[in-house]
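Trainee: The structure follows.
The values are calculated or read from the model by the stated rules, or taken from the named source; none is laboratory data. Everything numeric in this text was worked out from a predicted model, so none of it was measured. Don't worry about glycine lacking a Cβ; one is built from the backbone with ideal geometry, like all the others, and counts go over all protein chains shown. Keep in mind that these areas ignore ligands, DNA and RNA; they rest on the heavy atoms of the full protein, side chains included. Shrake-Rupley method; radii C 1.70, N 1.55, O 1.52, S 1.80 Å.
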Amino acid sequence: MRIVTIVGTRPQFIKATALSKALRKAGHCEFLIHTGQHYDFEMSRIFFDELDIPEPAVNLEVGSGPHGWQTGQMLIKTEEVLMDQRPDFVLVYGDTNSTLAGALAACKMRIPLAHVEAGLRSYNPEMAEEHNRVVTDRVADLLLCPTRSAVANLEREGVTRGVHLVGDVMFDSVLHNLNLADARLRILKTLDLIGRPYALATVHRAENTDSPVKLRGIFRALEMIAENELPVVLPLHPRTRQKLESTHIVLKRVQLIAPVSYLDMLTLERHAQVILTDSGGVQKEAYWSKVPCVTLRYETEWVETVQSGWNVLVGTDSERIVRAVKDVRPGSEIQDAYGDGRAAEKIVHLMEKGDDV
Ligand code: UD1
Ligand code: UDP
């Protein structure tokens with residue numbers, strides 16, 4: 001089979017690792033398009049250098065811009081590549097503008113489309129990602145769900161054709177990389193965190209960073225935690241860096257660092273006492289690392305992390321965030337919540353079978 005995979009953002013490079021490996025192992029030919037949505041060294045190149053992902057065959061170099069412009073540029077440029085490549089399948093991940101552009105390009109050319117992370121919903125129409133997911137699921141031929149709740153979400157929307165529960169490719173990736181991450185403590189040494197309890201934080205969601213009130217609420221809480229509870233380390237997403245500057249939020253206690261590599265991030269997660277985040281991927285990695293998570297949002301697509309007791313949704317109010325950090329306690333495990341670590345193999349098998357397409 002000839003497969004064109006479309007990625008463009010940090011979490012998509014990580015999600016592509018396990019599946020790219022499984023495709024290679026099964027003897028399929030993968031052509032990787034990088035849309036260029038993320039382009040800083042720490043948001044893109046670092047993952048290709050560190051992880052076992054094929055080099056992008058082409059980089060569309062679209063870069064940053066308003067949603068319509070960015071998605072439109074990606075659609076135009078992706079279509080050109082697909083006309084040339086004519087693959088058996090287009091593969092897209094998640095819910096970003098790169099996902100939507102790839103899905104629309106494939107659908108208009110009637111190329112079978114596989115959507116990894118199908119069926120996730122926040123039911124928050126303020127999120128660009130929610131629209132990207134719904135539209136991608138509507139045009140996908142293979143809907144590859146990471147969780148039972150994702151299958152149920154699609155069922156409620158009347159979508160059952162092409163739907164498969166395969167597990168989470170990010171779980172596959174964590175299992176593959178755990179030993180490597182555990183063997184390297186470099187990042188902890190650099191930050192002088194060996195043997196010291198600390199909180200790890202990430203903030204990047206548009207709903208949080210684009211609202212000065214929410215951004216202030218979150219960072220006020222992080223400063224209070226760093227002052228009164230335990231050190232806070234925060235690898236800073238470029239979107240948030242810009243918003244902190246433009247809203248003149250000055251941080252005195254929180255330790256801001258540049259975004260780190262995937263293995264360094266896994267190390268930081270596994271040794272943290274508590275994780276505060278608005279990231280989708282980081283909520284799950286906290287659950288897999290058995291580290292309590294305080295989520296700086298009011299809803300989550302990853303409901304199992306909350307049902308298990310490892311994750312609490314607190315939103316952006318400072319007092320609530322600080323209280324949640326004081327109250328964290330371990331949760332329990334939900335059997336097979338994210339599959340058995342073989343999601344990538346199952347996806348390859350379904351693409352080979354292609355009977356729903
Ligand atoms: C995007 C996704 C989001 C995902 C996140 C992962 C959409 C709508 N959003 O959000 O779902 O969770 O990626 O990290 O697709 N920037 C840089 N350098 C970069 C990349 C971005 O400086 O390498 C800055 C630019 O100013 C840009 C801003 O960050 O305008 C936001 O980037 P963008 O890709 O539009 O959205 P993200 O917030 O990264
Ligand atoms: N991540 C990373 N370095 C960082 C921050 C995050 O490698 O400095 C990884 C993290 O471990 C997870 C993924 O990036 O695998 C999550 O991406 P992000 O938070 O940007 O997006 P989301 O998951 O919310 O879409």
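Trainee: How would you classify the chain from its alpha-carbon gyration tensor, with a ≥ b ≥ c the square roots of the eigenvalues: rounded for a/c under 1.5, else prolate if a/b is greater than b/c, otherwise oblate? Write down the numbers at each step before the final one.
Mentor: Details: a/c = 1.64, a/b = 1.55, b/c = 1.06.
Cα axes put the chain in the prolate bin.
Trainee: Here's a follow-up. Too long at a 21 Å Cα-Cα cut-off: which of K15/K346; K25/K346; K21/K77; K189/K284? Please list the in-between numbers first.
Mentor: Working: K15/K346 15 Å; K25/K346 13 Å; K21/K77 26 Å; K189/K284 25 Å.
Pairs exceeding 21 Å: K21/K77; K189/K284.
Trainee: Which residue, P146, N177, Y198, has the largest displacement toward the positive end of the dipole of the range 119-206 when charges sit on each Cβ (Lys, Arg +1; Asp, Glu -1)?
Mentor: Farthest along the dipole direction, towards plus: Y198.
Trainee: Let me cross-check D317: its accessible surface, 1.4 Å probe, with only protein heavy atoms counted, in Å² to the nearest 10?
Mentor: 70
Trainee: Just to verify a number: what accessible area does E345 come out at with the full protein assembly present, 1.4 Å probe, Å² rounded to tens?
Mentor: Looks like 100 Å² after rounding.
Trainee: Report, ordered by chain and residue number, the aspartates and glutamates lying within cross-link reach of K214, taken as a straight Cα distance under 16 Å and ignoring same-chain residues fewer than 8 apart.
Mentor: Within reach: E126, E223, E245, D278, E299, D317, E319.
Trainee: Then there is this: About the Cα centre of the range 155-248, what is the dipole size in debye to 20, counting +1 per Lys and Arg Cβ and -1 per Asp and Glu Cβ, all else neutral? Provide the component values of the computation, followed by the final result.
Mentor: On the way: 13 positive and 12 negative charges, 51 e Å.
Dipole about the Cα centre, nearest 20: 240 debye.
Trainee: Still on this structure: Shape call for the range 33-191 from the C-alpha gyration tensor, a ≥ b ≥ c root eigenvalues: rounded (a/c under 1.5), prolate (a/b greater than b/c) or oblate? Walk me through the intermediate numbers first.
Mentor: Details: a/c = 1.70, a/b = 1.22, b/c = 1.40.
Oblate, because a/c is 1.5 or more while a/b does not exceed b/c.
Trainee: Ok, one more. Nothing charged except the Cβ atoms of Lys and Arg (+1) and of Asp and Glu (-1): what's the magnitude of the dipole of the range 265-357 about its Cα centre? Round to the nearest 20 debye. Intermediate values should be presented prior to the final figure.
Mentor: On the way: 11 positive and 16 negative charges, 98 e Å.
It works out to roughly 460 debye.
Trainee: Counting other Cβ atoms within 10 Å, keep those with at most 13, restrict to DSSP loop, and tell me which chymotrypsin sites (Phe, Trp or Tyr not before Pro) in the range 83-153 are left.
Mentor: Passing sites in the range 83-153 are Y123.
Trainee: Moving to a separate point now. Based on the Cβ-Cβ distance of I257 and L175, what FRET efficiency does E = 1/(1 + (r/R0)^6) give at R0 = 30 Å, to the nearest 0.05? Before the final figure, lay out each step's value.
Mentor: Details: r = 26 Å, r/R0 = 0.87.
Efficiency, rounded to the nearest 0.05: 0.70.
Trainee: Any chance you could look up the accessible area of S246 with a 1.4 Å probe, heavy atoms only, rounded to 10 Å²?
Mentor: The accessible area of S246 comes to roughly 80 Å².
Trainee: At 10 °C and a viscosity of 1.306 mPa s, what translational diffusion coefficient does Stokes-Einstein give for the range 186-257, taking Rh as the Kirkwood radius over Cα pairs? Give it in µm²/s as a whole number. Walk me through the numbers before you get to the answer.
Mentor: On the way: Rh = 12.7 Å.
It diffuses with D of about 125 µm²/s by this estimate.
Trainee: Please work out the average accessible area per residue across the chain, using the 1.4 Å probe convention, and give it in Å².
Mentor: Values: 14840 Å² over 357 residues.
Counting only protein heavy atoms, the per-residue value for the chain is 42 Å².
Trainee: Order the following by accessible area, largest value first: T96, T160, T147. Probe radius 1.4 Å; ligands, DNA and RNA are ignored.
Mentor: Values: T96 25, T160 90, T147 0 Å².
Final ranking, largest accessible area leading: T160, T96, T147.
Trainee: With springs connecting C-alpha atoms under 10 Å apart, model the chain as a Gaussian network and identify which of L75, L143, L188 has the largest mean-square fluctuation.
Mentor: Sorting by GNM fluctuation, first place goes to L188.
Trainee: While we're looking at this one, here's another question. How many nm separate the modelled label positions at M1 and E61, each set 7 Å beyond the Cα in the direction of the Cβ?
Mentor: Here the modelled spin labels are 3.2 nm apart.
Trainee: Taking a ≥ b ≥ c as the square roots of the eigenvalues of the Cα gyration tensor of the range 223-305, is the shape rounded (a/c under 1.5), prolate (a/b larger than b/c) or oblate? It would help to have the intermediate numbers written out before the result.
Mentor: Numbers: a/c = 1.56, a/b = 1.42, b/c = 1.09.
Cα axes put the range 223-305 in the prolate bin.
Trainee: How high is the relative contact order of the chain, in percent, with contacts defined as C-alpha pairs under 8 Å that are six or more residues apart? Walk me through the intermediate numbers first.
Mentor: Numbers: 689 pairs, mean separation 58.1, N = 357.
Relative CO of the chain lands at 16 percent.
Trainee: A further question follows. Give, in nm to one decimal, the length gained when the segment between T247 and V213 is fully stretched (0.36 nm per residue of separation minus the Cα-Cα distance). Mind dumping the intermediate values first?
Mentor: Values: separation 34, 0.36 × 34 = 12.24 nm, distance 0.99 nm.
Extending this stretch completely gives an extra 11.3 nm.
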